[in-house]
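Input: a single structure, listed below in structure tokens.
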Amino acid sequence: MISTARRLARIPPYLFAEIDRKVQEKRAAGVDVISLGIGDPDLPTPRRIVSALQEAAADPANHQYPSYFGLRELRSAIADWYGGRFGVKLDPDTEILPTLGSKDGISHAPFAFVDPGEVVLAPDPGYTPYATGAIMADGEPYMLPLTAANEWLPDLAAIPQDVRRKAKLLWLNYPNNPTGAVAPDEFYREAITFCRENGIILCHDAPYTEIAFEGYRPPSLLQFEGGKEVGLEFHSVSKTYNMTGWRLGWIAGNASLIKAMGQLKTNIDSGIFQAVQWAAIEALRGGEADTKAANEIYYRRHLRVADVFRGLGWNVKPARATFYVWAPVPKGYDSISFAGHVLDQVGVNITPGVGFGQHGEGYFRLSVTAPDDRLNEALHRLRKLKV
Ligand SMILES: Cc1ncc(COP(=O)(O)O)c(C=O)c1O
């Protein structure tokens, strides 16, 4: 038996694999399982974007290796989108790097910036690649608890001095997965000051800035004074345009940090299929109508879930952004036993909060990215759940 690298053994066991196994088992036994477990839009990619891909895919000019740094036209479209949406001016040649989805940039950033033993600050609960990316680069994740009492914002002042000295990256993610929380402007300013004072790179993972409701417009890190100096923002077309399978994102921000990520990535992958880049250009240049329509659907679903949950005595406020509902598990359960109970009793798959880190214990996450009839059926079943 050949052993794997030690870094792989340091990666925590993948809880979701066990849940998947249970779901498959139920389905094989004939149970009609409704999955509200993953954050993957059920709505199709808008037609205009699919057509742009079809046309570009037929053009031999797009069949060869693409540039490592993406088409100039794509970087310009991203720069224009940032200008229009956030009033942020970006140089398409030095301040933007297209990636294979934002996960590519997120998971690889530590390879560019973190030496063995250096610290990566990451929210708990949080998107798992912040910590696992640090581990893969032989860095040390230091988890920052997100709690209801702190409105799901990390307490930066509580980070000990010796940890700050060793820290290279701070991950933030607002609007937030899994909690659905949003961050006030003061928090971005506080984080910029903290990173500047401690020589830390501020990495803002922002794929949900466009999934927001009731007139709320989440900000970009880069629109705040000093944001571009200390930071990078990771974004993508995945959630905004229902393009999770297309694998196109980008990093924007500080030119010297972007250069380092570019140098790293030329040694890892060979760019993004150009036809997908042309489709993303169409997505970004095509206005906000599709996103607005999707947000109306998500918000309507959020309201329905909140309403049914209230009836069950589970108090949740509809989120201001994201397609996630984050709710406390009923008394007598931990998050895994509750998710198991819901699956066993009513065939609905929800995600236990502990899968996002130990501070996610006591909560579960439900995603409103299921078609209306399936979501309604899931809510109908949950009403009958005995806890
Ligand atoms: C917080 C967060 N960041 C990043 C991603 C990755 O998105 P993508 O790689 O599709 O751009 C996700 C996907 O679920 C996410 O929830």
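The values are calculated or read from the model by the stated rules, or taken from the named source; none is laboratory data. Note that this is a predicted model, so its numbers are computed, not measured. For neighbour counting, all protein chains shown are included, and Cβ atoms are generated from backbone atoms with ideal geometry for every residue, glycine included. With ligands, DNA and RNA removed, areas are computed over all heavy atoms of the protein, side chains included. Shrake-Rupley method; radii C 1.70, N 1.55, O 1.52, S 1.80 Å.
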Along the charge dipole of the chain, Cβ charges K/R +1 and D/E -1, which of Ala17, Ala255, Ser236 sits furthest on the positive end? Ala17
How high is the relative contact order of the stretch 156-302? Use alpha-carbon pairs under 8 Å, at least six apart in sequence, and give a whole percent. 18
Find the relative contact order for the chain and round it to a whole percent, using C-alpha pairs within less than 8 Å whose residues are 6+ positions apart. 25
Mind checking the alpha-carbon convex hull of the stretch 8-152 and giving the volume per residue in Å³? 227
For the chain, what is the convex hull (Cα atoms) projected area averaged across all directions, in square nanometres? 20.4
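Assign unit charges at the C-beta atoms only (+1 for Lys and Arg, -1 for Asp and Glu), then state the dipole size of the chain relative to its Cα centre in Debye, rounded to the nearest 20.
Values: 41 positive and 44 negative charges, 155 e Å.
Once rounded to the nearest 20, the dipole reads 740 debye.
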Farthest toward positive dipole pole in the stretch 295-387 [+1 Lys/Arg, -1 Asp/Glu at C-beta], among Ala321, Gln358, Ala306: Ala306
Once the whole set of protein chains is in place, how much accessible area is left on Lys228, using a 1.4 Å probe, in Å² to the nearest 10? 50
Cα atoms only, the stretch 292-387: Rg and Dmax in Å? 12.8, 40
Leu8 label point, 7 Å along Cα→Cβ, cut-off 13 Å on backbone N: hits in the stretch 119-137? none
Note down the net charge around Ile258, summing +1 for each Lys or Arg and -1 for each Asp or Glu among other residues with Cβ under 11 Å from its Cβ. 0
Considering the convex hull of the alpha carbon atoms of the stretch 81-210, report its projected area averaged over all viewing directions, in nm², one decimal. 8.2
Could you tell me the distance between the Cα centroids of the stretch 164-211 and the stretch 1-55, to the nearest Å? 27
Which of Lys103/Lys168; Lys259/Lys292; Lys22/Lys384; Lys239/Lys384 exceed 30 Å between C-alpha atoms? The answer is Lys259/Lys292; Lys239/Lys384
